[in-house]
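What follows is a single structure, written as structure tokens, with notes after it.
Any read-out appearing in this document is the output of simple, stated calculations on the displayed coordinates, not a laboratory observation. Please read all numbers here as calculations on a predicted model, not as lab measurements. All Cβ positions, even for glycine, are placed from backbone atoms using ideal geometry, and neighbour counts span all protein chains on display.
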Amino acid sequence: MMATTHALMGLALSAVVTLVAPEYTPVAAASGLAGGAFPDLDLYTGHRRTLHFPVYFTIAAVAAAGVAVLAPGAWTVGAAVFLTAAGLHSASDALGGGLELKPWRATSEQAVYSHFHGRWIRPRRWVRYDGAPEDLALATAVGVPASLAYGPRIQGIVAGALVVSAGYVLVRKRLPTLAAWLLGTLPDDVRRRIPERFVP
């Protein structure tokens, strides 16, 4: 799934918190968006393995939620939302495609790595690949309702994320061709540093 979809899923989680504890609306929104996007910071190095923890993030989220209930505050609520959103991101990557350069070909059986189990979880392909039309549909389905819990600033962020997502969907299948062209223009020593999954 797209990073924007994951971020908007985190925002949807935070919207639930704002209904229960509206005084934490700003921290919940920021934590939901950040937590939803955070695991994809490993995009270049060890993607879906280095910062993706489907089991451990979930365990940490349950513990953090318990702390937030017992001792509510900006830090405890923020941590609980962040960890829950990061856990949701990590786990939901198993519902998408694999890690190959052209995931619509469905040749990879690696969706997300579970450190707890010590193995890769296979892709279910409910969302066939990041940037598929159903990916945009999911981002819209979670982002638009979630934005209604917030004011114009968050609604603007959601609108911007959906515009970026739509643009990505339009060019997604052309990106491997562009990557091949760009790699051909790079010096050999730089090309050798590019992760194998980006090489056509």
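Quick notes
- Cα long-axis angle, helix 25-37 against the chain (0 to 90 degrees, to the nearest 10): 20
- Between TRP104 and ALA166, the modelled labels are 2.0 nm apart [label points 7 Å from Cα along Cα→Cβ].
- Entry note, the chain: relative contact order of 22 percent, from Cα contacts under 8 Å with a spacing of 6+ residues.
- The charge dipole of the chain, taken about its Cα centre with unit charges on the Cβ of Lys, Arg, Asp and Glu (plus for the first two, minus for the last two), comes to roughly 540 debye.
- Across the chain the C-alpha pair distances fall into 5 Å bins from zero in the proportions 1, 8, 14, 18, 18, 15, 11, 7, 4, 2, 1, 0 percent.
- Peptide ranges 71-81, 161-171 listed from the most packed, as the mean C-beta count within 10 angstrom indicates: 71-81, 161-171
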